[in-house]
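Visitor: One structure coming up, written as structure tokens, with questions to follow.
The values are calculated or read from the model by the stated rules, or taken from the named source; none is laboratory data. In this text the structure is predicted, and so the values were computed from the model without any measurement. Using ideal geometry, Cβ is built from the backbone for each residue, glycine included, and neighbour counts are taken over all protein chains shown.
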Amino acid sequence: MDEIVNTLRKQFGHHSFRPGQREVIDDVLAGRDVLAMLPTGSGKSLCYQLPAYVRPGRVLIVSPLVSLMEDQVEQLRRRGEKRVIAFHSLLDEEEKGQALASLADFRFIYASPEMLQSASFLAALRRAPVSLFVVDEAHCISQWGYDFRPDFLKLGDVRRALGNPPCLALTATAPPQVRDDIIRTLGMREARRHIYSVDRPNIALKVEHCRSPEEKAERIIEYAQRLKGPGIIYFSSRQGAEEIARRLERSGAGRVAYYHAGMDGEQRLLVQQQFLHGQLDLVCCTSAFGMGINKENVRFVLHFHMPAQLEAYVQEIGRAGRDGAPSLAVLFYADGDGAMAQAVAEAELPHPHELREWFRRLPEGAGLDRFRVWVETSRFTDIQKRLLSYVLEREQSLVFGAPTLLGERVAAAVEERRRWKRKKVREMEGWVHELSCRRSRLVHAFGEELAVRPDRCCDRCGLSLGDYVGRESRQTAVFVRDWREELWNLFFGGRPPHEAAK
Amino acid sequence: MQHSYASFLLAWCLRQFRGERTLAAAYHLFSGKKSAQTLQDSKWFQLEPFFGAWKNVTMSSLEAAAGWLAEQRLAMVVGDRAYRLTEAGEGWLSEREALFPRHMNGWRYHEVELPFWQRLSLIGQTLSNLNAGRRFAPICRDERTLRWVKRYLMDKGGRAALTRELYEELLRLLAAVSEEAALVFTLRLTSADRIGWTAEQIAAHLQKEALYVEFLFRDALHYIMAEAEAGRSPALAELMDGLAPVALTQSAQKTYEWLQKGKTIEEIAAIRRLKRSTIEDHLVEIAANVPAFSIAPFVAAEKAAAVQAAAKTLGTRKLKQIRDALGGAVSYFEIRLVLAKEVGRWMKS
Ligand SMILES: [Zn+2]
């Protein structure tokens, strides 16, 4: 048995690799630059975690979301790894200082892109050099990538500043153009590309056309009641998620909760953990739910609203069937949903009128730093600010002397983005209205051809829902003991002896 | 429409405001705005319990509550967005006095309740899982809390004793709040068997409003914190380590001022027309919270040393056990003072 398989067993408790993992790991261990596109739920993190146990050294992982980092750190710790740390904006100065001083002690260093802009952090990294530079969710690098994050663009410079350590870029959803952007931006040399199909053969695809939002609600409740769970239902609005969760609860569809970014951190974590522990049958949520959640047995993913692009859809349905068992994805569509998805997508862009106003009020002769502050303190949303900073950064030579031209450039960049978003919504809608195989159309959007069509493919190829209907009776009422018994159970397990219960 | 807990809370404010403040003042009070005006208001109108106790309150929910009260003729408009309770409103409110969370102290705890709760619930989850021999994902993601709890459990050593101690203290403290609040609090905790419920899930289970459940939860939480600070719950007191609540309660602050003027406990009790035991409670509070405060005038040095030694060798914070061990030579007050000072010292280091 070779060393790598041995490590897989000993450290991770797995007996075999999933498709792609071994090939990526071999290239990483050979010190090559690697771009890996592995479908969601295929265990991407193993590709950098395993090599760290085979070769000595430190792995730096750049990740776009604090919650994602926390999940990964938590999973590593649960596996007994102590030498892991995450640097992000929620850490206070004192904590950061302490961790920086002992950076060399860590095996896994997670960092947000903005942390990598800190000179002291970079200096500490140079004192404790990293042997592997990992970019997670690497599609965030490309402005044509789903979930573009301008601060990812600077990662190429960061990598150079760290002396060009070998680089591993990971993503689940990157069309060819985005892959090229990733390789160029990160300055990867002779990069090995491991591209695996976005297709998840065990997830059957279906679209339900409805006449009205109310009909959608009724149909979705019907599905949720009958399908074998657990399941996730996605919404593009928080109110939608809350409302349907309440209706589902009343309809006796099982134990339901909602989840969105408007809830406080503790409530979100509770719902997430309840779902993982099988205390919930259904979660009604926005796209905020799911990243970093490793639940193997999700049986279905329903969409009340159509996402604004196929990449998002692929990511979200990819949370079903990680155990490889047959799972179902149903998108509910009504006329006007395209316009709604469009509106949601464009809400991320500053309105041309607001943009003009904003430029008009800019102080004259302001330098780049002043611009940055001005963006930060503006009333634009965070996503809008990110886009503005990105364009300003790109056009910074115009900041002095050509403010009018700068304004035009920014407006043009916003318009370009708007056109791109419209194209993506149209692509998504095209998929919804596809008359032949949906799976084939889906992989085609990622520049692939469908090699094998599974038996349970899609509604266009013919699909029997009977295979996904569950007979298990769902609990609706939860048994709750007297609080004294609950408290006893918490500390000692089981039920209290008779005297203690009194 | 049935009345909501929001209308009860607002009616309470309106009674205290006596028509002298607008809805905006109630809004700032609930959301915990740190302006001189709001701080003053909360004291002047004796609304400290509610300060920062409903952080995500919206103006529109208060307006809806006010609208309902006005519609039912329980309140009337007395100015621009200012209301006062009608006679009917006063009666309505006093019939519902039981809905008031009487242990709540938002003014003192609004900033430290979260870290305290995170520690408590994470320790509970950890002990529960360790005792059940299970691995688990921590129910808290705050690095500071994670580190604090890890260090705490390592320093503590003996898991069985700590489990017992925490169980007994929580059992005793929760028995002192309402049965409903105790249930809410327990359901929020996470064990090896059950991930804690959200306020909304508990509300659905009890068929009550989520807001009411939130207030019940805080009522129990603040009671536990207050008892911990008063030195009556030594194990839980340690969870206050490094968490500085708004220094002293108003009443203890007054006692402290008299002490600084050289008055004795008896004199202060007489001046303030309070029971001696109340003033003693204040002293314990001061000992735990004011590092510069010396307990030497109230406990002889040998006695203090004996209490410390007894607490250490017995490995307990139980007052009775310590007193018995010392042959009844020290009073409960003296023991509490010494233990409170210790907690205070530990908090600082
Ligand atoms: Zn098909």
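Visitor: From the residues in the range A:413-458 that are within 13 Å of the ligand (Cβ to nearest atom) and among the β-branched types (Val, Ile, Thr), which one is farthest from the other protein chains (Cβ to nearest Cβ)?
Guide: Looking at the filtered set, the residue picked out is A:Val452.
Visitor: Of the residues A:Ser236, A:Ser287, which is touching a His at 6+ places or on another chain (Cβ under 8 Å) and closer than 16 Å to A:His305 by Cβ? Give the derivation first.
Guide: Values: A:Ser287 fails: touching a His at 6+ places or on another chain (Cβ under 8 Å).
Just one listed residue meets the conditions, A:Ser236.
Visitor: Mind checking which helices (runs of 4 or more DSSP H) fall wholly inside the range A:1-98 and carry at least 3 residues that are in contact (Cβ under 8 Å) with a residue 60 or more places away in the chain?
Guide: On the way: elements: A:3-12, A:21-29, A:46-54, A:66-78.
Qualifying helices (runs of 4 or more DSSP H): A:21-29, A:46-54, A:66-78.
Each row is one residue, and each column tells you yes or no for (1) part of a loop (DSSP other than H, G, I, E, B); (2) over 21 Å from B:His222 (Cα atoms); (3) not assigned by TED's automatic domain parsing to the domain that holds B:His222.
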residue: B:Gly91; (1), (2), (3): no, yes, yes
residue: B:Trp107; (1), (2), (3): no, no, yes
residue: B:Arg135; (1), (2), (3): yes, yes, no
residue: B:Arg141; (1), (2), (3): yes, yes, no
residue: B:Tyr152; (1), (2), (3): no, yes, no
residue: B:Leu162; (1), (2), (3): no, yes, no
residue: B:Tyr167; (1), (2), (3): no, no, no
residue: B:Ala175; (1), (2), (3): no, no, no
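Yes/no per residue for (1) surrounded by 21 or more Cβ atoms within 10 Å (Cβ to Cβ); (2) among the polar types (S, T, N, Q):
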{"position": "B:Arg144", "(1), (2)": "no, no"}
{"position": "B:Met154", "(1), (2)": "no, no"}
{"position": "B:Arg172", "(1), (2)": "no, no"}
{"position": "B:Ile195", "(1), (2)": "yes, no"}
{"position": "B:Thr198", "(1), (2)": "yes, yes"}
{"position": "B:Ala228", "(1), (2)": "yes, no"}
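Visitor: Quick one: which of B:Arg108, B:Arg102, B:Arg84 is surrounded by 17 or more Cβ atoms within 10 Å (Cβ to Cβ), more than 14 Å from chain A (Cβ to nearest Cβ) and under 21 Å from the mean Cα position of the chain (by Cα)? Quick ask: steps written out before the conclusion?
Guide: On the way: B:Arg102 fails: surrounded by 17 or more Cβ atoms within 10 Å (Cβ to Cβ); B:Arg84 fails: under 21 Å from the mean Cα position of the chain (by Cα).
Residue meeting the stated conditions: B:Arg108.
Visitor: Moving on. Please work out which residue is surrounded by the fewest Cβ atoms within 10 Å (Cβ to Cβ), limiting yourself to the range A:156-209 and to residues that are within 16 Å of the ligand (Cβ to nearest atom) and of a type in the set (A, V, I, L, M).
Guide: Selected residue: A:Val207.
Visitor: Starting from residues that are surrounded by 11 or more Cβ atoms within 10 Å (Cβ to Cβ) and in a loop (DSSP other than H, G, I, E, B), keep the ones in the range A:459-471 and report whichever is farthest from the ligand (Cβ to nearest atom). Walk me through it before giving the result.
Guide: At the first step, the residues of the range A:459-471 found to be surrounded by 11 or more Cβ atoms within 10 Å (Cβ to Cβ) are A:459-461, A:463, A:465, A:467-470.
Now restrict to residues that are in a loop (DSSP other than H, G, I, E, B): A:459-461, A:463, A:470.
Details: A:Asp459: 8, A:Arg460: 5, A:Cys461: 3, A:Leu463: 8, A:Gly470: 23 Å.
Step by step, filter the range A:459-471, then rank; the result is A:Gly470.
Visitor: Now for a different question. Taking the options B:Gly196, B:Gly242, name whichever one is in a loop (DSSP other than H, G, I, E, B) and at the interface with chain A (Cβ under 9 Å from one of its Cβ atoms).
Guide: Values: B:Gly242 fails: at the interface with chain A (Cβ under 9 Å from one of its Cβ atoms).
From the options B:Gly196, B:Gly242, the qualifying one is B:Gly196.
Visitor: Identify all residues within the range A:301-330 that are over 16 Å from the mean Cα position of the chain (by Cα) and within 17 Å of A:Tyr259 (Cα to Cα); write none if there are none. Reasoning before the result, please.
Guide: Of the range A:301-330, the ones over 16 Å from the mean Cα position of the chain (by Cα) are A:302-306, A:321, A:323-330.
Once the filter is applied, which keeps residues that are over 16 Å from the mean Cα position of the chain (by Cα) and within 17 Å of A:Tyr259 (Cα to Cα), the range A:301-330 yields A:Leu302, A:His303, A:Phe304, A:His305.
Visitor: Which residues, counting only those in the range B:168-186, are aliphatic (A, V, I, L, M) and within 7 Å of chain A (Cβ to nearest Cβ)?
Guide: Our first condition is that a residue be aliphatic (A, V, I, L, M); within the range B:168-186, this holds for B:170-171, B:173-177, B:181-184.
If the condition is that a residue be aliphatic (A, V, I, L, M) and within 7 Å of chain A (Cβ to nearest Cβ), then B:Leu170, B:Leu171, B:Leu174, B:Ala182, B:Leu183 are the ones that fit.
Visitor: Out of all the residues in the range A:56-70, is one or more of a type in the set (Lys, Arg) and surrounded by fewer than 19 Cβ atoms within 10 Å (Cβ to Cβ)?
Guide: no
Visitor: Now for a separate question. Consider B:Arg164 carefully, then state whether it is out of contact with any Ser or Thr (no Cβ under 9 Å at 6 or more places or on another chain) and within 22 Å of A:Gly494 (Cα to Cα).
Guide: Working: out of contact with any Ser or Thr (no Cβ under 9 Å at 6 or more places or on another chain): yes; within 22 Å of A:Gly494 (Cα to Cα): yes.
In short, yes.
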